[in-house]
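The values are calculated or read from the model by the stated rules, or taken from the named source; none is laboratory data. Predicted model, so just to flag it, every value in this text is computed and none were measured. In this analysis, Cβ positions are derived from the backbone assuming ideal geometry, glycine residues included, and neighbour counts consider all displayed protein chains. Keep in mind that these areas ignore ligands, DNA and RNA; they rest on the heavy atoms of the full protein, side chains included. Shrake-Rupley method; radii C 1.70, N 1.55, O 1.52, S 1.80 Å.
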Amino acid sequence: MSNRGSHKEFSDDELRREQEFIDGLYARVDALRGDAEVSVTDALAQGNTPMQARLERDILVAERSGLLAALNAVDGSLCFGRIDLTSGVSHHIGRIGIRADDADLTPILIDWRADVARPFYLATGHTPMGLRRRRHITTHGRDVTALHDEILDLGDATRTGHEDPTGDAVLLAAVDAARTGRMHDIVQTIQADQDRIIRAPHRGVLVVEGGPGTGKTAVALHRAAYLLYEHRELLAKRAVLIVGPNPAFLGYIGEVLPSLGETGVLLATVGELFPGVKATARDTPDAARVKGGADMADVLAAVVRDRQALPDPVIAIEHDREVLMLDDDLVRVAREHTRDAKLQHNVAREHFEGHILNTLTDMVAERIGTDPYDGSNLLDPSDITQIRDELADNPDVWSAIDQLWPRITPQRLVADFLAAPEGYVSDEDAAAIRRPVTRAWTVADVPLLDEAAELLGVDDRVARAVAEREREEQIAYAQGVLEVSYASRTYEFEDKEDGDPDGSEVLSAHDIIDAERFAERHEEDDHRSAAERAAADRTWAFGHIIVDEAQELSPMAWRLLMRRSPTRSMTLVGDPAQTAEEAGVGSWAGILQPYVEDRWEHTRLGVNYRTPAEIMELAARIVRAENPDFEPPSSVRSTGVRPWVRRALGDLPGEVAKAVAELTPAEGRLAVIAPRDLHRALAARLDGVTAGREPDLTRTVVLLDPRQAKGLEFDSVLVVEPGRFGTSDLYVALTRATQTLGVVHEGEVPEALLAGGE
């Protein structure tokens, strides 16, 4: 047998045995794929009716699609480890679990999330957890290319020749590997402190704090995969939401969960959490601060109340050659009665309509039905009903109601408010947020839209009426189908010979189902996943929410997210030291106290797997200049390559181009992190680099600003004009590199950056 990954013959029994296992594993995978395809094809051809065939197909697709999606996502790297127990039993560990066959429940590959796999991550020489050996298996495609064994039972003298004395070879290989512009899973190298966070109970709020490079994002994603495994029935129905800081970041992490066999998770930015709106435009820092403030909830409530108007001074309504006058006092009574119902604005409109119609009906009844001699009312209840119905047919009445209590969409309410915010906020804040109605939505607008939707509600009377008509049509159609079925079965019965025992057993469809239930069974099924349905439903309650860079979200954004999580089942990931947004809350207590008070757990990751010690030392100096007590995460490695700082002697774009040529790795990715207003000039001097759009992180060189760089990592980083960044933004920019860091500047730079000279 040849080692196809390294293009040489196997000379090692251990490698050969593992390759034989991998070959057998993929033989089972290929069989599973074939079985699933055949099953679905057979289902389409089965059944006496198209509906029955579709039902059987749907069941099989539901059973098989998750497995097929997982197999397709992780193909090529299914198995990555083995644990050998002191009892003599061994288990292979992989990204998903696979059984020997459908009849035999014996697993040939253990899912990394299963309890039996946990010693692979937690066992140590001091606490071996029943293991004598832990093996890391490195594959390329379906070929085994390397083995690394850790001896946990020191009394076991057996050796394979693949022993790793430190146990760190696989971890360091992953840390040093060239970046691709996409985050990879860490399932093969999960550390003990990360494992405890990944497997923490999913109820309540868990805060995971960690500095740059501590793996907090990867931990959060693996936690999502674990929760979906552990609580599949619940979370498959309610879905998991992962909120990231920007679209580039979501693209960067987008392949992690599929590589772990999970495809049913909704990834979104805050700007994508209002159905029908995808906001990517940016506000000024002042506008974002004002829009994100907690007091905006009260401001929007005041805006809604002001749309519940009073006549100025009266509204005249022509009706039956008469003029009815709605004055301030009459409408005020109707408005207060409606407000007392404590309903959302659009929902409450039905009550307001009733009050106004009753008021106008009383006016007309008093005019035409009062006895001129004794003042008694001459109208009976049917007369009153007729007057009210006639008023309800008068367009002038509805024009008055629309003026006094209009139906409003969230988009219209927020757009009108931003076009004329005076009177609701200070003059300074009004100047910061004022904008034309036609301008595109910004990310900071989305929480305002969500708040407006919560205040307004939906008047669904028309939708309910349409749905009821459609249902009546479906029932009528089903009744016809049943009658045809009954007639055909009766004919079949009468055609049978006397004494035929089968004839007495003939049942019509009427015997087992009525038209209404039959219609329900034939209604079009919603084949969308839970994540797809959740994306289209503003009121969806997620089973669990994970928020990355959580410290950056505004109070208004948190109001939006808390509505999506009524059970408060959340994992929040971030680093207060990296807070950069003007509206960011920054502290965990500040975020959570309004919603859960002190009922939340906090844990911290303190080991930096990304940033070499030489770069981390420089970045830490920047923060310590403002906060002398700052303690950065400790780096696991040192590269011996110190970052450099260089003043531009010629034009800045030219110096940047030279530095890019110097820093671009033979393999991997380089990020140029610069102020946004320099991007066009820099892109003009850098081949293949674009400005003014979401970056393609798979390109060799990408151009970013510090906010876009959050959560990302690159082999090399070039920071341009660091003196124009705030402390937090500069700290982020300096800590993105896994290997080398350079700084080019024309203007002044922080003294801490120049410690030791340029």
Restricted to region 375-394 and to residues being assigned to a loop (DSSP other than H, G, I, E, B) and of a type in the set (G, A, S), the residue modelled with the highest pLDDT is S376
G692 fails exactly one of (1) open to solvent by 40 Å² or more (accessible area, probe 1.4 Å); (2) touching a strand residue (DSSP E or B) at 6+ places or on another chain (Cβ under 9 Å); (3) not acidic (D, E), namely (2)
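Residue-wise test of (1) part of a loop (DSSP other than H, G, I, E, B); (2) of a type in the set (A, V, I, L, M, F, W, C).
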| position | (1), (2) |
| --- | --- |
| V623 | no, yes |
| F630 | yes, yes |
| R642 | yes, no |
| G654 | no, no |
| P665 | yes, no |
Please determine whether any residue of region 353-374 is assigned to a helix (DSSP H, G or I) and under 30 Å from R439 (Cα atoms). no
Those residues of region 700-734 that are surrounded by fewer than 24 Cβ atoms within 10 Å (Cβ to Cβ), over 25 Å from the mean Cα position of the chain (by Cα) and assigned to a loop (DSSP other than H, G, I, E, B) come to a total of 3
Taking region 160-190 and the residues there that are among the charged types (D, E, K, R), touching a strand residue (DSSP E or B) at 6+ places or on another chain (Cβ under 9 Å) and closer than 15 Å to E667 by Cβ, the one that is most open to solvent (accessible area, probe 1.4 Å) would be D176
Condition set of a type in the set (D, E, K, R), in a loop (DSSP other than H, G, I, E, B) and within 45 Å of the chain's Cα centre (by Cα), scope region 149-167, selection farthest from G88 (Cα to Cα): answer is D164
Selection over region 205-232 where residues are in a helix (DSSP H, G or I) and not β-branched (V, I, T) yields a count of 14
(request) Confirm whether L131 is open to solvent by less than 10 Å² (accessible area, probe 1.4 Å) and in contact with a helix residue (DSSP H, G or I) (Cβ under 6 Å, 6 or more places away or on another chain). (result) yes
The condition of being under 27 Å from D12 (Cβ atoms) and either open to solvent by 30 Å² or more (accessible area, probe 1.4 Å) or basic (K, R) (or both) holds, among A100, A117, A123, only for A100
Result of the Cβ filter at 7 Å on region 528-545, keeping first residues that are in contact (Cβ under 8 Å) with a residue 40 or more places away in the chain and open to solvent by 30 Å² or more (accessible area, probe 1.4 Å) and partners that are of a type in the set (G, A, S) and assigned to a helix (DSSP H, G or I), at least 6 apart or interchain, is R538/A453
Item checked: Residue within region 339-351 that is open to solvent by less than 40 Å² (accessible area, probe 1.4 Å) and over 36 Å from the mean Cα position of the chain (by Cα) present -> no
A178 fails exactly one of (1) in a loop (DSSP other than H, G, I, E, B); (2) more than 22 Å from I253 (Cα to Cα), namely (2)
Notebook entry, point to check: Among the residues of region 415-422, is any in a helix (DSSP H, G or I) and open to solvent by 60 Å² or more (accessible area, probe 1.4 Å)?
Noted result: no
Condition set small (G, A, S), modelled with pLDDT of 70 or more and on the phi < 0 side of the Ramachandran plot, scope region 440-495, selection surrounded by the most Cβ atoms within 10 Å (Cβ to Cβ): answer is A444
Residue hits (region 80-113; touching a residue at least 12 places away in the same chain (Cβ under 8 Å), farther than 23 Å from A27 by Cα and of a type outside the set (D, E, K, R)) are L85, T86, S87
When R142 is run through (1) under 25 Å from D715 (Cα atoms); (2) within 36 Å of the chain's Cα centre (by Cα), the failure sits at (1)
So, first residue under 12 Å from E552 (Cα atoms) in region 587-598, second residue open to solvent by 60 Å² or more (accessible area, probe 1.4 Å) and not in a helix (DSSP H, G or I), Cβ within less than 7 Å, six or more apart or across chains; the pairs are W588/H602
Among A287, A268, the single one that is under 14 Å from L553 (Cβ atoms) and aliphatic (A, V, I, L, M) is A268
Picked from region 245-282 (must be assigned to a helix (DSSP H, G or I), in contact with an Asp or Glu (Cβ under 7 Å, 6 or more places away or on another chain) and over 25 Å from D445 (Cα atoms)), the residue least open to solvent (accessible area, probe 1.4 Å) is V256
Yes/no for H184 being closer than 30 Å to F714 by Cα and either touching a His at 6+ places or on another chain (Cβ under 6 Å) or β-branched (V, I, T) (or both): no
G215 vs (1) on the phi < 0 side of the Ramachandran plot; (2) in contact (Cβ under 8 Å) with a residue 40 or more places away in the chain: all pass except (1)
Subset of region 549-567, residues open to solvent by 10 Å² or more (accessible area, probe 1.4 Å), assigned to a helix (DSSP H, G or I) and over 19 Å from H202 (Cα atoms), comes to E552, P555, R559
